[in-house]
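Working notes for the structure below.
The values are calculated or read from the model by the stated rules, or taken from the named source; none is laboratory data. Since the structure is predicted, the reported quantities are computational estimates derived from the model, not experimental observations. Backbone-built Cβ (ideal geometry, glycine too); neighbour counts: all protein chains shown.
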Amino acid sequence: MYIALSGEMPLPAQTKKQKKPTTHLRRKPPQAHRTTSPVIRCVIFDLDDTLYDCLRQRVPVAHRHAAQAMVEAGLNADAEAVYRARMRAFRRDPMLRYIDAEVTRHFGAENPEAISNAAREAYFNCSVGELKLFPESLPLLRFLAKRGVRNFIVSFGEPRIQRAKVKSLGLDREPSIEKIYYADRGNVLTKEAAFRKIRRKTRLKSEEILVVGDRPAREIRAGRELGMHTVRLLHGEFKAQKPMGLEEEADYVIRNIADVRELPWIWGAPQK
Ligand SMILES: [Mg+2]
């Protein structure tokens, strides 16, 4: 089975055009973890589809790469046609469970297994290339850092690829970010464990920490479980994913990363 290019399992595809960023939507009043202090001293950002557009910058490139590999492995078709078939399959099943079977069958491959292996290999090892942050990401990080808010990134996926993304985005040399953690698919470090580490490192209380991400089942759930504030960016591969219960409901849902600063918290008031 494939994983999403973000390193995480995708959910139903987004076929609608993205709406223009709008102001945040207020969700239900947060639960018990929302306590007295409205002061945020630390923000933990997810990477893919939170600080940059992973869906648009990575997914098509990787499928193109896989399509080319399928042709080179002997699939009797034009690489462009294979790419289009892959994207159709991706839209039908973003989990990519049947993509190779479907595409090899469609083109009548004689050795589907070898071709599927080549596709998988190419898909996973597609080089990161040049990536760009959302235009609002750096201004937000710097806005927060200027006010003494400690910014962290916790990225999930294949650490080698995630590190390459961070480098391509210039985040490895961005002074407004204190540290980047790489949670991995092998669960050597889970997101929740990374959040705990940050809490320990900063010696802050959960209610002084905000988690910003796009996935209800990952960072939103992990943040909530630890009693941190949560904001969901409604964007990307997981935009259609519905929270599975209250524990995956973010305190706020926004459509543009810049909207974070408009949320009703005090940013980085002096520590006691
Ligand atoms: Mg993400």
Check on ILE115, in contact (Cβ under 8 Å) with a residue 60 or more places away in the chain, surrounded by 20 or more Cβ atoms within 10 Å (Cβ to Cβ) and not assigned by TED's automatic domain parsing to the domain that holds ILE44 = no
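What number of residues in region 128-161 are within 26 Å of HIS63 (Cα to Cα) and in contact (Cβ under 8 Å) with a residue 40 or more places away in the chain? Show your work before the answer.
Initial filter on region 128-161 (within 26 Å of HIS63 (Cα to Cα)): 128-135, 154-161.
From what's left, in contact (Cβ under 8 Å) with a residue 40 or more places away in the chain: 128-129, 131-134, 154-158, 161.
Residues meeting the conditions: 12.
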message = Residue under question is ARG255, and the condition is that it be over 14 Å from ILE153 (Cβ atoms), out of contact with any helix residue (DSSP H, G or I) (no Cβ under 9 Å at 6 or more places or on another chain) and free of Cβ contacts under 8 Å to residues at least 12 places away in the same chain; does it hold?
response = no
Subset of region 164-190 (residues that are in contact (Cβ under 8 Å) with a residue 12 or more places away in the chain, closer than 25 Å to ARG147 by Cβ and part of a helix (DSSP H, G or I)) = VAL166, LEU169, LEU171
task = Within region 221-258, track down each residue that is within 14 Å of PHE45 (Cα to Cα) and surrounded by fewer than 18 Cβ atoms within 10 Å (Cβ to Cβ).
result = ALA258
ask   = Which of the helices (runs of 4 or more DSSP H) contained wholly in region 86-155 include at least 1 residues that are out of contact with any Leu (no Cβ under 6 Å at 6 or more places or on another chain), closer than 19 Å to GLU237 by Cβ and of a type in the set (Phe, Trp, Tyr)?
value = 112-124
